[in-house]
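What follows is a short report on a single structure.
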Amino acid sequence: MNDMETLAFFFKALADPTRLRILRCLTHGELCVCDIMAALDMPQSTVSRHLATLRHAGLVAGRRGGKWMYYRLAEQDSHLAGSVAEMLTGPGSPLHDFPEARGDESRLRHHFETKDAAKCD
């Protein structure tokens, strides 16, 4: 892909509410897929499909830990991608104000309070 195609793919990856919600969740740090599933109240297959798109666009990075994948926000190579990622996930991000984000935050907090670590490792 040339630079313009890469940038277009980057923006296409951002053009989905579920993927924006995932990025917002990852502002808390590295999360396993089960954490994201709990926050979004979505099945593993849906979450994994969206994470694959975000990873392919260079927005998230993943690592395997046991049977689970763990994801975090990726370091951005380009200035433009870094600026857009910071705008979306940094302090004062408009993503923090949406009702969906507040619901995700509440579910994620409850999940961490009740999480059985053995199920996610």
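What does the charge count around Asp16 come to, taking other residues whose C-beta lies under 15 Å from its C-beta (Lys +1, Arg +1, Asp -1, Glu -1)? Can you show the working numbers first?
Values: positive: Lys12, Arg19, Arg21, Arg24, Arg49, Arg55; negative: Glu100, Asp104.
In short, +4.
If each DSSP helix of 4+ residues adds -39,500 (n - 2.57) and the sum is divided by the residues in the chain, what number results at 222 nm, nearest 500 deg cm²/dmol?
Working: 6 runs with 69 residues, N = 121.
That comes out to -17500 deg cm²/dmol.
Hey, can you rank 87-94, 20-27, 68-75 by average C-beta count inside 10 Å, highest first?
20-27, 68-75, 87-94
As I understand it, the dipole of the chain uses +1 on the Cβ of Lys and Arg and -1 on the Cβ of Asp and Glu, about the Cα centre. Which of Thr53, Gln76, Ala13 lies farthest toward its positive end?
Result: Thr53.
Rounded to the nearest 10 Å², what accessible area does Asp41 show when all protein chains are kept and the probe is 1.4 Å?
Using a 1.4 Å probe on the heavy atoms, I get roughly 120 Å².
Just read off the accessible area of His96 with the full protein assembly in place, 1.4 Å probe, to the nearest 10 Å².
50 Å²
Grab the other residues whose beta carbon is less than 10 angstrom from that of Thr53, score K and R as +1, D and E as -1, and report the net.
On the way: positive: Lys12, Arg19, Arg49, Arg55; negative: Asp16.
Here the charged neighbours net out to +3.
So what is the relative contact order for the chain, in percent, with contacts set as C-alpha pairs under 8 Å and at least six apart? Present the calculation step by step, with values, prior to reporting the outcome.
Details: 127 pairs, mean separation 37.7, N = 121.
Computed over the chain, the figure is 31 percent.
Using the Cα centre of the chain as the reference point, and only Cβ charges (+1 on K/R, -1 on D/E), how large is the resulting charge dipole? Debye, rounded to the nearest 20.
380 debye
Over the chain, give the accessible area per residue in Å² for a 1.4 Å probe, as an integer.
58 Å²
The values are calculated or read from the model by the stated rules, or taken from the named source; none is laboratory data. Just so it is clear, the model here is predicted, and its values are computed rather than measured. All Cβ positions, even for glycine, are placed from backbone atoms using ideal geometry, and neighbour counts span all protein chains on display. SASA here: full protein model, heavy atoms, side chains in, ligands and nucleic acids out. Shrake-Rupley method; radii C 1.70, N 1.55, O 1.52, S 1.80 Å.
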